[in-house]
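The values are calculated or read from the model by the stated rules, or taken from the named source; none is laboratory data. Keep in mind that this is a model prediction, so the values were computed, not measured. Backbone-built Cβ (ideal geometry, glycine too); neighbour counts: all protein chains shown. What goes into the accessible areas is simple: the full protein's heavy atoms, side chains included, and nothing from ligands, DNA or RNA. Shrake-Rupley method; radii C 1.70, N 1.55, O 1.52, S 1.80 Å.
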Amino acid sequence: MENIQNYTTQMDAARKGIITEEIKAVAKSERLSSQEVCKLLAEGKVVICANKKHKCLKAQGIGSTLRTKINANIGISRDCKDYNIEMQKVLSAVELGADAIMDLSSHGNTQPFRQKLVEECPVMIGTVPVYDAVIHYQRDLATLTAKDFIDVVKLHAEDGVDFVTLHCGITRKTLEQIKKHKRKMNIVSRGGSLIFAWMSMTGQENPFYEYFDEILEICEKHDVTISLGDACRPGCLADATDVCQIEELVRLGELTKRAWAHNVQVMVEGPGHVPLNQIAANMEVQKTLCSGAPFYVLGPLVTDIAPGYDHITAAIGGALAAANGAAFLCYVTPAEHLALPNLEDVKNGIIASKIAAHAADIAKGIPYAREIDDKMADARRKLDWEAQFDCALDAERAREIRDSRLPEDDHSDTCSMCGKFCAVRSMNKALKGEMIDIL
């Protein structure tokens, strides 16, 4: 029988050969043995984001050899500040199959909402503490101290969040690089821009980099996974795979090893906006520089000209990224670059990301990934509409479309696209030796 006192984090347990309940749960959902999960976890190639205080969590593993996971961002802003609506988005996202929720709230009293998520939300919960610093202390950015930032990390860990995005890789050297290399979009990471601004105004080093060891102690105590934020991710195709992005990635690789030395689990965040032909190379560079730590990508978006449809541009990039090694896709909604997403945007973003993740899982050979596709093919061959809906990612939408445009006759056999010209119907009848009536 395991004893919680015998290990500090899931990584520590794995390295000691202790099979935790979380490891068992991941092994079962991924159809692997607990020993296989344990080995990947010990090597840092899989993370199980599971704060000790998140009691209602259904543990999931994140890693390139596992099923690709997806994250949904929620949170209030000064212009959209109804926590009840955000909770509706959370419930909808979980119902639709999101594996994680990130609370990116940047206004109001955030702690009660964060604690409510930990109490009620069964999927992984992530936050970006630097967003919370200004509103938590109700002070201007320049007046905050390094200790203030670290204390907010501690607060989030104590509240029970499973992973925190920390922009540790941006340093004072980055200030000069951004000025020298004349990026088209400069820094588009909200957290990265805040740290850049704080360093510019105070003349001090990035506290998340300078006091990284102190952060590791906090994360080890509560078993909080660090998601190393990419402050210099490209915000347009012109900035993809440039010096600023790659040098930060080198630094994140170094920080990954430092975290592992403390048994702290790590994910590494990646781009951003990347041309289709550069995505595979970006994934390979990350795997090399960060020793196979799980890669968490925003998209990538493969074109800059599709506001209103960026869930599609991100799904295209996300499918290719995951097929080439990304483990975790952050959803992008149709509202990206335009507004805070509403409930419908959240749904569209999750469905697009789930399509991308599933397509990637098939491509990278996850053994059971294609089972549902084969069931769908069987249902379509039999013209079994109910079975098709059962296989659909969004059964409600599929049923709604069919029911609103039924053919005039023989509803069970055909749809209004082909009617009695339906190839499946014709083949079924022909193979049975039946007469094929068209007119």
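Go through Arg233, Arg172, Arg190 for me and flag whichever is within 22 Å of Ala293 (Cβ to Cβ) and open to solvent by 20 Å² or more (accessible area, probe 1.4 Å).
Going through Arg233, Arg172, Arg190 in turn, just one is within 22 Å of Ala293 (Cβ to Cβ) and open to solvent by 20 Å² or more (accessible area, probe 1.4 Å): Arg233.
So for the stretch 285-299 (the condition being of a type in the set (A, V, I, L, M), within 19 Å of the chain's Cα centre (by Cα) and open to solvent by 20 Å² or more (accessible area, probe 1.4 Å)), does at least one residue qualify?
Scanning the stretch 285-299, I find at least one residue that is of a type in the set (A, V, I, L, M), within 19 Å of the chain's Cα centre (by Cα) and open to solvent by 20 Å² or more (accessible area, probe 1.4 Å), so the answer is yes.
Select, from Ala335, Ala360, Ala306, Ala326, the only residue that is closer than 18 Å to Gly63 by Cβ and outside any helix (DSSP H, G or I).
After ruling out the rest, the residue left standing is Ala326.
Within the stretch 6-29, track down each residue that is of a type in the set (S, T, N, Q), open to solvent by less than 10 Å² (accessible area, probe 1.4 Å) and part of a helix (DSSP H, G or I).
The answer is Gln10, and nothing else.
Which members of the stretch 398-428 meet the condition of being small (Gly, Ala, Ser) and assigned to a loop (DSSP other than H, G, I, E, B)?
Those that are small (Gly, Ala, Ser) and assigned to a loop (DSSP other than H, G, I, E, B): Ser412, Ser416.
State the number of residues belonging to the stretch 88-98 that are free of Cβ contacts under 8 Å to residues at least 60 places away in the same chain and crowded, with 22+ Cβ neighbours inside 10 Å.
Going through the stretch 88-98 one residue at a time, the tally reaches 1.
Go through the stretch 319-368 residue by residue and tally those that are among the charged types (D, E, K, R) and touching a Lys or Arg at 6+ places or on another chain (Cβ under 8 Å).
Number satisfying all stated conditions: 1.
With the structure loaded, tell me whether Ser77 is of a type in the set (S, T, N, Q), open to solvent by less than 40 Å² (accessible area, probe 1.4 Å) and outside any loop (DSSP other than H, G, I, E, B) or whether it fails that test.
So Ser77 fails the test.
Just wondering, is there one or more residues in the stretch 60-67 that are farther than 30 Å from Ile135 by Cβ, open to solvent by less than 10 Å² (accessible area, probe 1.4 Å) and not hydrophobic (A, V, I, L, M, F, W, C)?
There is at least one residue in the stretch 60-67 that is farther than 30 Å from Ile135 by Cβ, open to solvent by less than 10 Å² (accessible area, probe 1.4 Å) and not hydrophobic (A, V, I, L, M, F, W, C).
Restricting the first residue to the stretch 316-338 and requiring it to be touching a residue at least 60 places away in the same chain (Cβ under 8 Å), which pairs with a second residue that is small (Gly, Ala, Ser) and part of a loop (DSSP other than H, G, I, E, B) meet a Cβ separation below 6 Å and a spacing of at least six or different chains?
Filtered contacts from the stretch 316-338: Gly325/Ser64; Ala327/Gly63; Ala327/Ser64.
Residues in the stretch 308-347 that are of a type in the set (Phe, Trp, Tyr) and closer than 26 Å to Ser291 by Cα: how many?
Of the residues in the stretch 308-347, 2 are of a type in the set (Phe, Trp, Tyr) and closer than 26 Å to Ser291 by Cα.
Yes or no: Ile350 surrounded by fewer than 17 Cβ atoms within 10 Å (Cβ to Cβ) and within 30 Å of Lys45 (Cβ to Cβ)?
No.
Evaluate the following for Phe208: is it within 30 Å of Asp310 (Cβ to Cβ), among the aromatic types (Phe, Trp, Tyr) and either in contact with a helix residue (DSSP H, G or I) (Cβ under 9 Å, 6 or more places away or on another chain) or open to solvent by 10 Å² or more (accessible area, probe 1.4 Å) (or both)?
yes
Quick check: anything in the stretch 46-69 over 18 Å from Leu329 (Cβ atoms), in a helix (DSSP H, G or I) and touching a residue at least 24 places away in the same chain (Cβ under 8 Å)?
No, the stretch 46-69 contains no residue that is over 18 Å from Leu329 (Cβ atoms), in a helix (DSSP H, G or I) and touching a residue at least 24 places away in the same chain (Cβ under 8 Å).
With among the small types (Gly, Ala, Ser) and within 29 Å of Val346 (Cβ to Cβ) as the only criterion, which of Ser416, Ser404, Ser426, Ser412 stands out?
Testing whether each residue is among the small types (Gly, Ala, Ser) and within 29 Å of Val346 (Cβ to Cβ) leaves just Ser404.
Which count do you get for residues in the stretch 193-202 that are free of Cβ contacts under 8 Å to residues at least 60 places away in the same chain and either under 26 Å from the mean Cα position of the chain (by Cα) or open to solvent by 20 Å² or more (accessible area, probe 1.4 Å) (or both)?
4
Inspect the stretch 147-168 for any residue being over 30 Å from Lys58 (Cα atoms), open to solvent by 10 Å² or more (accessible area, probe 1.4 Å) and in a helix (DSSP H, G or I) and give the result as yes or no.
Yes, the stretch 147-168 contains a residue that is over 30 Å from Lys58 (Cα atoms), open to solvent by 10 Å² or more (accessible area, probe 1.4 Å) and in a helix (DSSP H, G or I).
Do we find that Ile101 is within 19 Å of the chain's Cα centre (by Cα), surrounded by 21 or more Cβ atoms within 10 Å (Cβ to Cβ) and without any contact (Cβ under 8 Å) to a residue 40 or more places away in the chain in this structure?
Answer is yes for this residue.
Residues of the stretch 216-253 being charged (D, E, K, R) and either touching a helix residue (DSSP H, G or I) at 6+ places or on another chain (Cβ under 9 Å) or at pLDDT below 95 (or both), which ones?
Answer for the stretch 216-253, where residues must be charged (D, E, K, R) and either touching a helix residue (DSSP H, G or I) at 6+ places or on another chain (Cβ under 9 Å) or at pLDDT below 95 (or both): Glu220, Lys221, Asp223, Asp230, Arg233, Asp239, Asp242, Glu247, Glu248, Arg251.
Restricted to the stretch 363-401, and to residues that are without any contact (Cβ under 8 Å) to a residue 12 or more places away in the chain, in contact with a helix residue (DSSP H, G or I) (Cβ under 7 Å, 6 or more places away or on another chain) and closer than 27 Å to Asn73 by Cα, which residue is surrounded by the most Cβ atoms within 10 Å (Cβ to Cβ)?
Ala398
Answer yes or no as to whether Glu86 is outside any loop (DSSP other than H, G, I, E, B), at pLDDT below 95, of a type in the set (D, E, K, R) and in contact with a Cys (Cβ under 9 Å, 6 or more places away or on another chain).
Yes: the conditions hold for Glu86.
Looking at (1) in a loop (DSSP other than H, G, I, E, B); (2) open to solvent by less than 10 Å² (accessible area, probe 1.4 Å), find the lone condition where Pro122 falls short.
All conditions are met except number (2).
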